[in-house]
Amino acid sequence: MTDILLFISDSEGWLYVLLGAAGLIYARLAVLRFLEARRALFGLERDRAAARLRQALGMLAITLAGALVTFVLTTFVVPSLPGSLRGTPAPTISLLTTPGPETPTIPADFVSATALPLDELDPGGCLNPQATILFPVSGASLSGAIEIIGTADIPNFGFYKIEYRSRGGEDDWQAILAGGQTRLDESLGVWDTSLVGAAGEYLLRLVVADTAGNAPQPCVVPVRITPSS
């Protein structure tokens, strides 16, 4: 059943084209049969014309019903399917630390958010109560392994990932860990800051995506990594 629903969702455009073409054909045919029935003079001729009219109207009704069913399935049923059943392409991400067994794969077509200029660091993403980092707080000094606390619980939740990059450079975001279950004011994972390699100013980022790969504005927190004692 799931395969049929996914096929309908993937072929939605073509189904509408085919059903639309069929609807036009049967609508035209119904008009012709109606005119034929009105022109009929004899009883047998009228009966045959009426039967053809009913047949054309029946096929038109089936076509319209097919379009309605396709709309309901693709709009309401398929989006409610779990992401694991929808077959989203998902290569495994490379992590610096090894997360638990719930670590998901991240869709290949999910684009990481654009790095923010230092003078335009927008804390607005952290104001979203459904996708935010509660600890560490902005400006915190970190060393060794720290537990990241926060919330990842957006509608149609798919996965979350936590990344970091140097605050003073132009390097890319580096993956720390990922999770495939919602979190509500609890541990998102552990970050071993000793693996970063150098003390200094860094940006810590939480990205939460839904099953379609869409994500609200990431929560970005500036932190300072100090050498472990």
For LEU53, net neighbour charge (Lys/Arg +1, Asp/Glu -1) across residues whose Cβ lies under 11 Å away: +4
Net charge dipole size for the range 2-80 [Lys, Arg +1 and Asp, Glu -1 on Cβ; Debye, nearest 20]: 640 debye
Which of ILE133, ILE146 has the fewest Cβ neighbours within 10 Å, and the rest in rising order: ILE146, ILE133
Exposure proxy ranking, count of Cβ atoms within 10 Å, fewest first, for THR193, THR74: THR74, THR193
Sorted peptide list for 153-162, 166-175, criterion being average Cβ within 10 angstrom, highest first: 153-162, 166-175
Order by protection proxy (mean Cβ within 10 Å, highest first), peptides 38-46, 18-26, 2-10: 18-26, 2-10, 38-46
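None of the figures in this text is laboratory data; all of them are computed from the coordinates on show. For clarity, every value in this text was computed on a predicted model and none was experimentally measured. Every residue, glycine among them, receives a Cβ derived from its backbone with ideal geometry; neighbour counts consider all protein chains shown.
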